[in-house]
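Inspection log for the structure reproduced underneath, given as structure tokens.
The values are calculated or read from the model by the stated rules, or taken from the named source; none is laboratory data. This one's a predicted model, so the numbers in the text were calculated from it and none came from an experiment. Note that each Cβ is placed from the backbone with ideal geometry, even for glycine, and that neighbours are counted across all protein chains shown.
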Amino acid sequence: MSQELSADALAELTRCFVDRISVAPATCLQHANSLSIVPAEAARAVVWPETIEEIQNIVEMAERYRFALVPFGAGTSLEGHVNAPRGGVCIDMSRMNSVRAVNAEDMDCDVEAGVTRQQLASHLRDTGMFFPVDPGAEQATLGGMAATRASGTTTVRYGSMRDNVLGLTAVMADGSIVETGSRARKSAAGYDLTRLLIGSEGTLGIITSLRLRLHPVPESKVAVVAHFPSVKFACDAAISSLALGLGLARVELLDATSMRAVNKSSKLALPEMPSLFFELHGSLASTRDDALDLRRTMSEFGAEAISVSSTESERDTLWAARHNCFWAICEAYPGRTPVVTDVCVPVSKLAECVDATINDCQHYGLVAPIVGHVGDGNFHAVIMVDKSNQRDVKSLDLVMDRLIERALAADGTCTGEHGIGQGKMAALAREAGRSLAVMRQIKSALDPLAIFNPGKIF
Ligand SMILES: Cc1cc2nc3c(=O)[nH]c(=O)nc-3n(C[C@H](O)[C@H](O)[C@H](O)COP(=O)(O)OP(=O)(O)OC[C@H]3O[C@@H](n4cnc5c(N)ncnc54)[C@H](O)[C@@H]3O)c2cc1C
């Protein structure tokens, strides 16, 4: 079913947005073009609203003319989330980008949805507080991160967007403005609409602003990097580290291929072995003691080399390299398309699941470096596909299917952080079972004409 923009609707939109609307095919395509194997499908027009009233106005028009709306943050999502399979209008939130307030006493802040995570980090730099959720794409917006229920390297200690959004404002399909949550640290008042909208991928409402929980910058941060003879050893060591009761803020895995790519791209000389990158947060005394404990445990689990960095510049270099890992892998395999898997399993099943995935990729001849937020049981096989090779494409489908089956059999999920979009719709149906019907009911109750991001999730 097309929910395309009619000539009348386009004329009305153009009158409202004047020079903040584009129908240029290249601009529309650029707004649908993400790092995904899902082919891009462009909207008919892109608009850049600056106020919540303008968003209400677009939604009212979409209801009247029945065209589709696709909210757009920075377009870094990985499952075809910002595609426009039914046409319509892309709403680019980048001009709603002010940090409205930072409340030091309550450790929270109010931001518009188009503020990027990098922008917020710079804004908070001298406040003694930080916002912890750090997806690998620095230009991701807080609105997009909330809409995908994003997480990052520090989720093991500070939680994901689910845990760090105290409330939000959204425009709903009937044009009403909903304000959810409060500035209180907890609330038992009715349904949790904040968490309903978090992870809704633009299908239930357009988030215009968010109230975020901030955290104090710890007195001390120490990075520990340990290198292992096999991925299995590294996973077992990661699992054991979680039970030590240390101030672990990051527990990241890179396999040998990823380490090679990182060394080359970031001009480092780290051992090219399966490696765990840890970061400890706490007081000077606690991080020093924790680092010793961690070192000891890593040795017991077979680490062949361990380094500890407490200076800011050493740590920054390491974490910049970790965050750059995806691009480093892409650089190492020019001409190939990255397909990033995202299963998450209970940590007790992690080693088994990662091992079986590596064996599967090898069996089917796929190049698939492994990177993972293993402290959360979440890992990515970055499958580098040669799309001109039919065998590669067939193997990709098989391996993805088996991986999801394996994760679900382990009581895990098909996506720890990237979300469903278009790419994981079949996987969601497998995972959610009967609760999918409840999700559909919520969607049709809140957006009966299906104007918000149609063709996603279901
Ligand atoms: C190199 C790389 C590394 C990544 N690493 C991580 C990672 O570690 N963790 C992680 O979670 N993700 C990661 N991602 C995926 C991606 O960065 C996240 O999904 C991010 O949250 C998307 O933010 P965005 O602003 O780009 O949203 P977009 O891609 O623009 O949009 C994502 C979805 O949210 C909807 N949306 C956007 N803004 C709004 C709004 N204001 N209101 C309602 N709906 C909205 C869109 O319609 C779409 O469905 C990575 C991506 C890349 C390219």
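Which of the strands (runs of 3 or more DSSP E) found entirely inside segment 73-118 contain at least 2 residues meeting this: touching a residue at least 12 places away in the same chain (Cβ under 8 Å), under 18 Å from Q56 (Cα atoms) and within 13 Å of the ligand (Cβ to nearest atom)?
Fully inside segment 73-118 and qualifying: 89-92.
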I'd like to verify a number: residues in segment 29-57 that are more than 28 Å from the chain's Cα centre (by Cα) and either assigned to a strand (DSSP E or B) or in contact (Cβ under 8 Å) with a residue 12 or more places away in the chain (or both), how many?
1
With the requirement that a residue be more than 7 Å from the ligand (Cβ to nearest atom) and assigned to a helix (DSSP H, G or I), what does segment 119-145 give you?
Q119, L120, A121, S122, H123, L124, L142
For the subset of segment 443-458 comprising residues that are among the small types (G, A, S) and in contact (Cβ under 8 Å) with a residue 60 or more places away in the chain, which member is farthest from the ligand (Cβ to nearest atom)?
A450
In the set S187, S182, the lone residue that is under 30 Å from E60 (Cα atoms), modelled with pLDDT under 95 and more than 24 Å from the chain's Cα centre (by Cα) is S182
Across segment 440-458, what is the total count of residues that are within 21 Å of the chain's Cα centre (by Cα) and surrounded by fewer than 21 Cβ atoms within 10 Å (Cβ to Cβ)?
2
How do the pairs read when you match residues in segment 344-362 that are closer than 17 Å to L398 by Cβ with residues anywhere that are aromatic (F, W, Y) and buried (at least 22 other Cβ atoms within 10 Å of the Cβ), using Cβ under 9 Å and keeping only pairs 6 or more apart or on different chains?
C353/F379; T357/F379
When both residues are 6+ apart or on different chains and their Cβ atoms are under 8 Å apart, which pairs have a first residue that lies in segment 1-28 and is under 24 Å from P39 (Cβ atoms), and a second that is in a helix (DSSP H, G or I)?
L5/L13; L5/Y65; S22/C28; V23/L10
Among (1) within 13 Å of the ligand (Cβ to nearest atom); (2) over 19 Å from the mean Cα position of the chain (by Cα), G159 falls short only on (2)
For segment 85-98, check the following and say yes or no: at least one residue is over 21 Å from C28 (Cβ atoms) and modelled with pLDDT of 95 or more.
yes
Any residue at all in segment 197-213 that is in contact with a strand residue (DSSP E or B) (Cβ under 6 Å, 6 or more places away or on another chain) and away from the ligand (no atom under 16 Å from the Cβ)?
yes
Could you please find all residues in segment 342-361 being in contact with a Lys or Arg (Cβ under 8 Å, 6 or more places away or on another chain) and part of a helix (DSSP H, G or I)?
A351, C353, V354, D355, A356, T357, D360
